[in-house]
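Here's the structure we're looking at; comments come further down.
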Amino acid sequence: MSLREITADDIESLAVGAWVLGTGGGGNPYLPLLNMRALYREGHRVQLIDASELADNDWIGTVANMGAPLVGQERLTDSLTLARAVSVMEEHVGRRFRALMSMEIGGANGVRPLMAAAHLKRPVVDSDTMGRAYPEAQMTSVSVGGLTPYPLSAVDVRGLESIVKKVPSWKWAERVARKICVEYGSVAATCQPPRTGAEVKKWGIHGTTTKAIAIGRAVREAQRKHDDPIAAILSVEPGKLLYRGKVIDVARRTTEGFLRGVVRFDGLDDWRGSTMAINFQNEWIVALRDENPIAMTPDLICVLDSVSGEAVGSETIRYGQRVTVIALPPPPVFLSPKGLEYVGPRAFGYDLDFRSVFST
C-alpha cells in the first residue's frame, strides 16, 4: 500500500490552499496550522493515502469541527479533542478505522484530520466529501449518494461527549448535531458517519488534499517571487476573475451555530463605479454585482486579499480591506439535480435558479 509522508512544508501550503477552497468558511486554518507545527516539532508525522488504495471493507473516519467560525477563533482548536471524537466513534461501532478523511477540504477542516491522525497514527485519505466548505451536514457528496447519515460523535474539550445514534435523514442529522453543538458553545469536534472504502471510492471527492497543497504552494511561491498571487492561483485552477474592490460594510451575526450576514464592496481598477455584495452563511453563498446575481453556490466564490493572495474569511473580513473575488468550478456531483437540491441557492433560501459562472 502506497503512503506518502506529508512534509512540514506541505502543511504550510495546505493551510493556505484549504483557506482558498473554504470559500469564506470552514474556519481559519491558522490555529490548526499552529497545532500541526507543534505536533511535527514533537516528532509526529502524518501520511497521505490515495482512495484507490483502500480496500472495499476498510472503515474510514470522517473528521470535522462543527460550529460558527467566529466562535472557533475564541475557543482554540485542540488536537486531542479531535482524536477523542474519532476514538468515541470507534468505541461506539466496535471497529478500528483504517484511515481518516476530511469532511470538507475547505478552511481549518482541511487541516484538522491531520491533527487527529498525528495522535492516532493513521493515514489521511486524499479525498473529502465537499471539495470546498459548506455549513451543513447534508451538503456532502455522501448525502447526494444517499449513504447512511448516522452515527455521529460530538466531543467538547470540557469532557462532554455525545453520540447521535440514529436519524431518518441527513437533514435530521444536521438538526440534531447542530443543537448539540450550540449547547456545547457553538463549537464541537465531530466524527461524521463512518464510511467504507468502497463508499469513499464511489462517492468521495478525490485528490482534494493534494489540490489544496498545490494551490497553497502556488500562492507561497508567488509571494516569495513578488509575483501576482491571484494569477498564480488561476494558473493551477481553472477559475475566473470576478471583481476587485474594497470592503465598505460588513454585517454579521452568530445564530443557531452559524455565522450569517452580508459584506459590501466598492469597485477598484476595472470595476470602479461598480458595487458588489456577497451574502454568507459561514461560506460565501451568493455574489451580486450592481444588485444582479453573478455567482452562486455550488460555484466556489473565493474572496482573496489582493496583495497576499490569501483567502479572507467571513469571520475576519473587515472594513477597508482590498480584495479580489474569483470563482472556481465545483465538483461535478453537486451539479446534478440532487446535488443542486442540497447545495444550490434554494438550499440556502434564495429564490434563484443556479447559473454557473462557467456556463457563460
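The values are calculated or read from the model by the stated rules, or taken from the named source; none is laboratory data. Quick caveat, the model's predicted, so the values are computed rather than measured. Ideal geometry is used to build each Cβ from the backbone, glycine not excepted, and the neighbour counts take in all protein chains shown. Keep in mind that these areas ignore ligands, DNA and RNA; they rest on the heavy atoms of the full protein, side chains included. Shrake-Rupley method; radii C 1.70, N 1.55, O 1.52, S 1.80 Å.
Data table
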quantity	calculated
Any hit, the stretch 49-65, residues being among the acidic types (D, E), touching a Gly at 6+ places or on another chain (Cβ under 7 Å) and either assigned to a helix (DSSP H, G or I) or open to solvent by 40 Å² or more (accessible area, probe 1.4 Å) (or both)	yes
Complete set of residues in the stretch 220-246 that are surrounded by fewer than 19 Cβ atoms within 10 Å (Cβ to Cβ) and within 23 Å of V357 (Cα to Cα)	D228, A231, L234, S235, V236, P238, K240, L241, K246
Matching residues in the stretch 319-360 - criterion: being among the aliphatic types (A, V, I, L, M) and touching a helix residue (DSSP H, G or I) at 6+ places or on another chain (Cβ under 8 Å)	I326, A327, L328, V333, L340, V343, A347, L352
Test for A137: is it buried (at least 24 other Cβ atoms within 10 Å of the Cβ) and either in a helix (DSSP H, G or I) or among the hydroxyl-bearing types (S, T, Y) (or both)	no
Every pair of residues 6+ apart whose Cβ atoms lie under 7 Å, when the first sits in the stretch 235-253 and is over 17 Å from V307 (Cα atoms) and without any contact (Cβ under 8 Å) to a residue 60 or more places away in the chain while the second is of a type outside the set (S, T, N, Q) and part of a strand (DSSP E or B)	A251/G261; A251/V262; R253/R260; R253/G261
Matching option when the condition is of a type in the set (K, R), open to solvent by less than 40 Å² (accessible area, probe 1.4 Å) and either assigned to a helix (DSSP H, G or I) or more than 24 Å from S336 (Cα to Cα) (or both), among R178, R217	R178
Close pairs (7 angstrom Cβ cut-off, 6 or more residues apart or separate chains): under 15 Å from L80 (Cβ atoms) in the stretch 150-165, surrounded by fewer than 19 Cβ atoms within 10 Å (Cβ to Cβ) and among the aliphatic types (A, V, I, L, M) anywhere	S153/I163
Selection from the stretch 276-323 of residues that are at pLDDT 95 or above, among the polar types (S, T, N, Q), surrounded by fewer than 24 Cβ atoms within 10 Å (Cβ to Cβ) and under 20 Å from the mean Cα position of the chain (by Cα)	N279
Residues within the stretch 91-111 that are under 12 Å from the mean Cα position of the chain (by Cα) and either surrounded by fewer than 24 Cβ atoms within 10 Å (Cβ to Cβ) or assigned to a loop (DSSP other than H, G, I, E, B) (or both), tallied	5
Residue match in the stretch 161-173 (condition: modelled with pLDDT of 95 or more, crowded, with 24+ Cβ neighbours inside 10 Å and part of a loop (DSSP other than H, G, I, E, B))	no
Selection status of G320, without any contact (Cβ under 8 Å) to a residue 60 or more places away in the chain and of a type in the set (G, A, S)	no
The one condition in (1) touching an Asp or Glu at 6+ places or on another chain (Cβ under 8 Å); (2) outside any helix (DSSP H, G or I); (3) closer than 29 Å to M66 by Cα that K246 fails to fulfil	(3)
Residue within the stretch 182-191 that is open to solvent by 10 Å² or more (accessible area, probe 1.4 Å), aliphatic (A, V, I, L, M), assigned to a helix (DSSP H, G or I) and closer than 24 Å to V20 by Cβ present	no
Some residue of the stretch 67-75 being under 30 Å from G261 (Cβ atoms), assigned to a strand (DSSP E or B), open to solvent by 10 Å² or more (accessible area, probe 1.4 Å) and in contact (Cβ under 8 Å) with a residue 40 or more places away in the chain	yes
Qualifying position, being charged (D, E, K, R) and at pLDDT below 95, among R252, R217, R244	R252
Filter result for D269 (on the phi < 0 side of the Ramachandran plot and surrounded by fewer than 24 Cβ atoms within 10 Å (Cβ to Cβ))	no
Residues of the stretch 1-48 classified as assigned to a loop (DSSP other than H, G, I, E, B) and surrounded by fewer than 17 Cβ atoms within 10 Å (Cβ to Cβ), total	7
